[in-house]
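Following: one structure in structure tokens, then a few remarks.
The values are calculated or read from the model by the stated rules, or taken from the named source; none is laboratory data. Bear in mind the structure is a predicted one, so any value in this text is a computation, not a measurement. Don't worry about glycine lacking a Cβ; one is built from the backbone with ideal geometry, like all the others, and counts go over all protein chains shown. When the accessible area is computed, the model is the full protein with side chains, heavy atoms only, and any ligands, DNA or RNA have been set aside. Shrake-Rupley method; radii C 1.70, N 1.55, O 1.52, S 1.80 Å.
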Amino acid sequence: MSADAPPDGRADPEATLDRLVELGAVEEAADGTLTTTPAFESDRRVYRNTYDYMGDDGVATTVADLFGVDREEAHRLLDAGEVTTEDVVAYLAIQSFAEESLGTAEHAMMAELLSRIGPDTPVPAGVDERDDDTYRAFLDEHPDAVVTVWRHDCSPCDLMKGDIDAILGVVPDDVAVAGVDGESVPEFRREFGVDAAPAVLCFRDGTLEATETGRKRPTELAALFDDVYGQTA
């Protein structure tokens, strides 16, 4: 049966996933792990950057245009969580990425799948990764902490990752360390006024004391940590 015409009007998820792999938007690791490709994420990033700050009215207008509903219904769908901003971003991104006509049901299923599948994390291995749902608990538990914002396709981030062992070595022993994917934590970025990567945020006694952006070498961070925490590891 065609993926565009299943009995319930929804495309088959497995067949749609195969199409996403065929299009080069998703890849599957040997262990079965699914991740989106850098090429697709470049397209998704364009739309995410636009809709992150567009506001509810702008997103509702897009939902109304895409799905042929009025603005009142669009707001209802968003308020009820039946459609999310991430769904809209994924829908538009795969439409742009595919560069071909997509069946309505297939297109909707692609957006649904892509809203749940993301790229490999840019946070270095060995660093505790947090997101918008967990960063507050981390900071509450660790009033003295260093949180670094990382991003994909970020040359300064990649350079800092090459120094990650040395960087971790200059963090004071009693200071916790975590990392966030800058593209996935709009709430964190808004709360702490960060919109660049890499960014190193130093919290002392639960308060943000310093923020440094751009590539920082271990010696520079050692000096920063000494200023904030009064000691180095």
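Data overview
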item: Search result, residues across the range 57-97 that are hydrophobic (A, V, I, L, M, F, W, C) and either closer than 18 Å to residue 12 by Cα or open to solvent by 50 Å² or more (accessible area, probe 1.4 Å) (or both); result: 66, 67, 80, 90, 94
item: Residue among 56, 43, 31 that is free of Cβ contacts under 8 Å to residues at least 24 places away in the same chain, of a type outside the set (A, V, I, L, M) and either within 16 Å of residue 111 (Cβ to Cβ) or in contact with a helix residue (DSSP H, G or I) (Cβ under 8 Å, 6 or more places away or on another chain) (or both); result: 56
item: Given (1) without any contact (Cβ under 8 Å) to a residue 40 or more places away in the chain; (2) over 30 Å from residue 21 (Cα atoms); (3) not in a loop (DSSP other than H, G, I, E, B), number of the condition residue 178 does not satisfy; result: (1)
item: Any hit, the range 146-157, residues being in a loop (DSSP other than H, G, I, E, B), in contact with a strand residue (DSSP E or B) (Cβ under 8 Å, 6 or more places away or on another chain) and free of Cβ contacts under 8 Å to residues at least 60 places away in the same chain; result: yes
item: Verdict on residue 111 being modelled with pLDDT under 90 and either open to solvent by 20 Å² or more (accessible area, probe 1.4 Å) or farther than 27 Å from residue 230 by Cα (or both); result: no
